[in-house]
Amino acid sequence: MAAVSRCPATLRTEKLKPCLRVDLGHRFSRSLDFGHLRPPKWRRTFEFRKLEVSGATNNNAVSLSESAPLLTRSKVKRHTISVFVGDESGIINRIAGVFARRGYNIESLAVGLNKDKALFTIVVSGTEKVLRQVVEQLNKLANVIKVEDISREPHVERELMLIKLNADPNNRAEIMWLVDIFRAKIVDISEDSLTIEVTGDPGKMVAVQRNLNKFGIKELARTGKIALRREKMGETATFWDFSAASYPDLERPSPTNVLVENANRSLNGNVSTSSKGDVYPVEPYDDLSMKQVLDAHWGVLYDEDSSGLQSHTLTMLVNDCPGVLNMVTGIISRRGYNIQSLAVGPAETEGLSRITTVVPGTDESIGKLVQQLHKLIDLHEVQDITHSPFAERELMLIKIAVNTAARRDVLDIASIFRAKAVDVSDHTITLELTGDFNKMVALQKLLVPFGICEVARTGRVALVRESGVDSTYLRGYPLPL
């Protein structure tokens, strides 16, 4: 707290001017003469809770004490930004570069490509003013369809985490007890370790990690958060027109001006003349009967072609500091690779993050890419685990258009795939599903006839199996595409 005292009576004029002396510490003080100078604009780093001014006019002493306004910096909050883009080489690098050039550190990023479109979910901390500027810059990028900060709106948020623990016979019973409490699953087991899969909101992830730290966490991979806005009720909801077209019994009379406004409004919230090419059918298109949806068949992970091209899974351990993600994606994009999925989240050690990405290429080309990644200063470790037995998981939130009669059928299909309903309205239902790529493909194919409104996927996270069992050869053949 700054110490305020009255200036020495060394004024030569007959009328004494109000004077203020402020001691800011560290042998620095300053006298302010309010008779000639305007009060200075204080820097935001100082916080005055009480200001006392003493002055004298002729022989009459005046004492003034009042509370000054608090000058504090804007509050830094955690924001969840949803970016819907068209797929092209280097799009992840350009989006990460927007945050890196402004000194922002992306806490988590999750994206899984579906054919030629992708929905990014980015979590970053900052002030609302600067984040608003970042959103405006993202809107200027090519192939960016919409950018939304959904932090203030009701939304469904989920995250997936794989944890590899030290599991001695003495404490294995306690670990299994905690697995049941947090509704987690065991995906791999060996003589001295366990690999656990858990899904939930970020608060649940923190609680799980805190309770399992005492056993010793060997490796940890997190997808980062994905989020979908909770659907509103009635014809004012975003996907009401799409659902009403699929189910005529949902249709209700609406004012003409509302229908025209909804038809002309694009995903960015601005009026546009046309919305053709938008993957999500949120407006009554002329070809709505085609039910344009995100194609889950893109990005085959197990099938190889004659050229030796296949999807490779890379895991990287990097420093948690601004610009690291931009450097990693920059090396990949400059060599012409297109990232199929990317998941960034905190690692088992504080100050480190783990990046799990899927990149298509040959063994030779990916080997050269790994050598280039090793040259990064902030990168501690990079591994290509494609040819090693590994446990993989992916998280998907999918919003389906349903009416009262079709809701029961959708829930029956969801129960077969062990999917959970996380949001429901009078015309939609949102499901949460975890599993491998083929499981995502199977569920999405079955839900296409009902009408898919939105899809958000985390991309793959993977950890090497300590048991050495390669589950790829236990699944049989992948689904026909």
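Nothing in this text is a laboratory measurement; each read-out follows from the coordinates by a stated rule. Computed from a predicted structure; not experimentally measured. Heads up, the Cβs are rebuilt from the backbone with ideal geometry, glycines too, and the neighbour counts pull from every protein chain shown.
Some points to look at:
- The loop-placed trypsin sites (Lys or Arg not before Pro) in segment 139-195, going by DSSP, that have at most 11 neighbouring Cβ atoms within 10 Å of their Cβ come out as Lys140, Arg152, Arg183.
- Equivalent ellipsoid, segment 171-232 (semi-axes from 5 times Cα gyration tensor eigenvalues, Å): 25, 12, 11
- With a Förster radius of 35 Å applied to the beta-carbon distance between Glu174 and Asn319, the computed FRET efficiency rounds to 0.60.
- Taking 7 Å steps out from each Cα toward its Cβ at Arg334 and Ser415 produces label points 5.5 nm apart.
- Low-density loop cleavage sites - trypsin sites (Lys or Arg not before Pro) in segment 306-403, where at most 14 other Cβ are within 10 Å (DSSP): Arg335, Lys375
- Note: relative contact order over segment 99-170, using C-alpha pairs below 8 Å and six or more positions apart, is 18 percent.
- For segment 310-405, the set of GluC sites (Glu not before Pro) satisfying both a DSSP loop assignment and a count of at most 10 other C-beta atoms within 10 Å is given as Glu350.
- Rg over Rh for segment 136-200 works out to 1.29, both radii taken from alpha-carbon positions and Rh defined as the Kirkwood radius.
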